[in-house]
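The values are calculated or read from the model by the stated rules, or taken from the named source; none is laboratory data. Everything quoted here is computed from the prediction, not taken from an experiment. Cβ atoms come from the backbone with ideal geometry, glycine included; neighbour counts cover every protein chain shown. Protein only, heavy atoms only, side chains kept; ligands, DNA and RNA dropped before computing areas. Shrake-Rupley method; radii C 1.70, N 1.55, O 1.52, S 1.80 Å.
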Amino acid sequence: MSALRARLGLSARYAKRLLFQPLHSSQYVNGITITLNHDRPLYKSNYSTASDQKPAETSQGPVEKKEFQAETRMLLDIVARSLYSDKEVFIRELISNASDALEKFHYLSVSAAPDSVKLENVDRALEIRLVTDKQNRTLTIQDTGIGMTKEELTENLGTIARSGSKSFIEEIKKQGAEQASSIIGQFGVGFYSAFMVADKLEVYTKSSKTGSPGYKWSSDGSGTYEVQEMEDVPIGTKIVVHLKTDCREFADDDTVKNIIKKYSNFIGSPIFLNNEQVNSIKPLWLMEPKEVSHEDHTEFYRFVSNSYDKPRFTLHYKTDVPLSIRAILYVPEGKPGLFELSRDSDVGVALYSRKILIKSKAENILPKWLRFVKGVVDSEDIPLNLSRELLQNSALIAKLRHVLTNRFLKFMVDMANKDPVGYDAFYKDYSIFLKEGIVTGQSPLEKEEIAKLLRFESSKLEIGVKTSLADYSTRQKEDQRSIYYLAAPSRELAQTSPYYESLKKRNVEVLFCYEMYDELVLLELKEFGGRALISVENDMQKDANESTETIIGSDDLQQNQVNDLITFLKTNLSGKVFDVRTTQKLDSHPCVIVVPEMAAARHFIRTQAQSLSEENRFALLRPQLEINAKHPIIKKLHKLLSSDKELANMVAQQLFSNAMVTAGLVMDPRNLINNINELLIKALEKH
């Protein structure tokens, strides 16, 4: 049945009648003459075609000349000069009005109210037809909708910003009808947008109400308009736009087709341009998710994203609370491009209102860190300004963004559980965006939702296996209320880090962060699930005032020897270290550097330290050197204090440099090579 409807352009109800009721050999239906024979059906439309440019309407009554309201004349000037940023939107506006006329007729034709208006030819095809004429510089837009009476014509086109659609919505909402959701138009100035491009507008209309005559309305937009009764006007409305000389491109087939596809591709009724249907792609977001196939989503994704890959994940979302939202959001299969990583791309989430494009890329609908998401959002609750181009009511837009963002995050958490392999591939390509969301986000709740999607390697898991913060929490001991992490370039360096030694001995699980900004992300996150996120380097600073006597044994340095060594190191490293002390948290390493916020310090070194002198860098970092008094190098260093002071000085400097490199606080380790070579020369003098 759908194939028959497509060929004939008939309503679903009338297509059914054609299938299940016999027809005579020739019958006139729906404005179409159908002749049946044993070979094939023939059909012919009675509506205007590309070859029938001249109106068939003939004048019937006298011409009535009227003036626009004073406010309307001012509005016409505003529309023509500054209301719309692109002239092409006049086609969108006129098609939207035509769609409203079709929806109004459809509602009234199926209304069962006893006092409903009697309508003519209720089984006609509901469609919108556009005809271009380059030679005469005209664009004609015709619909088979409700049409207008003389009073409606004067009220809707002669009065400032009076929208017949808006009043219609208000009326049927009083009756509790749901059909109001199909009506697009709420903006009475939409019709006037045509004066941006037109020297003259002609409107031919005939109401669907039984016995209504046809009328012609015309104006050059200068302040007056004319109304005249006409004969042979088909039911519906036809607008002839006489284009200005510098707007002749809107009489070009390809130009008009591209504009229709851009703004009005998802209008429910068929749109024909010179007898060729233009709007062939269905508005999938208005369909039930189970009715949309994978192939449909692939085709639609390629349309909205202007790309040739496939969607990796697809969220088809519908809700009426707290807002009316119909959305399809796609995660691309391909990797993000270089420009997409650093700045916005030209394609994102398109905003629609009742199937009409409002903005092809709406920046405020999703947060900036979700700029990799493509798709469509349609919400009837979004208030728009008169031109439908700028969003108003930021509180409502913020609520829409909040709802969509939370729903998308919940969806991605579900995908991570259902398809861990696919999610791991996504995380490899797109994790940078998630981390950006945590660093730049303002809401702690949203940050925690994003954090559910983070993945890290763990000291308790095999190499290459990643875990979430939630899974880490489930493996914790009952008395452990913190989540520990360590930043290192690789797993090997993480496992051999002096900062990891203490927690390793205590059998505490540690997350390994290999990416440059992971530790900043966790530092910004602060906690997850009520558990504090603690860097193992900061854990080194706990219980800092340890009793040095507890680390002294028979083979170790005596207390006075340790004090001498600390005094020497403070003197030798003056201007570099803020303090020197002993620690029990080291085993295989001689010393370690501790600063109050290691992650912030490393970020400072990478981004800003180049402009500072070495003295100023150390003054800002205030590093503390913690030594392992049991380590052989530390013991040998104490002996050198009395046997070879010069070598002791060189060893002390090298120990400090090594600790700074291990901490990731040295901009360029190559600068240390000369010191190492000098130390080797000194150490090898006796050989």
Per-selection Rg to Rh, region 239-290 - Cα, Kirkwood hydrodynamic radius: 1.10
Hz values of 3J(HN,Hα) by residue in region 396-408 - Karplus curve (6.51, -1.76, 1.60), Gly and Pro given as x: 5, 5, 4, 5, 4, 4, 4, 5, 5, 5, 4, 5, 5
Summed residue charge, Cβ within 13 Å of G145's Cβ, Lys/Arg positive, Asp/Glu negative: 0
Karplus 3J(HN,Hα) series, Hz, for region 205-222 with 6.51 cos²θ - 1.76 cosθ + 1.60 (x for Gly, Pro): 8, 9, 5, 6, 5, 4, x, 6, x, x, 9, 10, 10, 9, 6, 9, x, 8
Cα→Cβ-extended label distance, 7 Å offset, between K636 and D252, nm: 8.1
Per residue solvent-accessible surface (Å²) - region 590-687, probe of 1.4 Å: 55
Spin-label model distance (nm) - E524 vs M74, 7 Å beyond Cα toward Cβ: 4.8
Using a Förster distance of 35 Å, the FRET efficiency for F578-D429 (Cβ separation, nearest 0.05): 0.25
Under Karplus coefficients 6.51, -1.76 and 1.60, residue-wise ³J(HN,Hα) of region 249-257 in Hz, glycine/proline x: 5, 7, 9, 9, 4, 5, 4, 5, 4
q = 0.12, 0.26, 0.27 Å⁻¹: log10 I(q)/I(0) that the Debye formula gives for region 199-259, counting C-alpha atoms only: -0.40, -1.01, -1.03
Within straight-line cross-link reach of K87, lysines at Cα separation under 21 Å, skipping those fewer than 8 residues along the same chain: K134, K200, K238, K244, K257, K261, K262, K355, K359, K361
For F578, distant residues with modelled amide H under 5 Å away: Q624, L625
For region 423-493: lysine pairs under 19 Å (alpha-carbon distance), excluding those fewer than 8 apart on one chain: 7
Partner lysines for K636 [C-alpha distance under 21 Å; skip if fewer than 8 residues away on the same chain]: K570, K585, K645, K682, K686
Accessible-area value, M74, 1.4 Å probe, nucleic acids and ligands omitted, Å²: 130
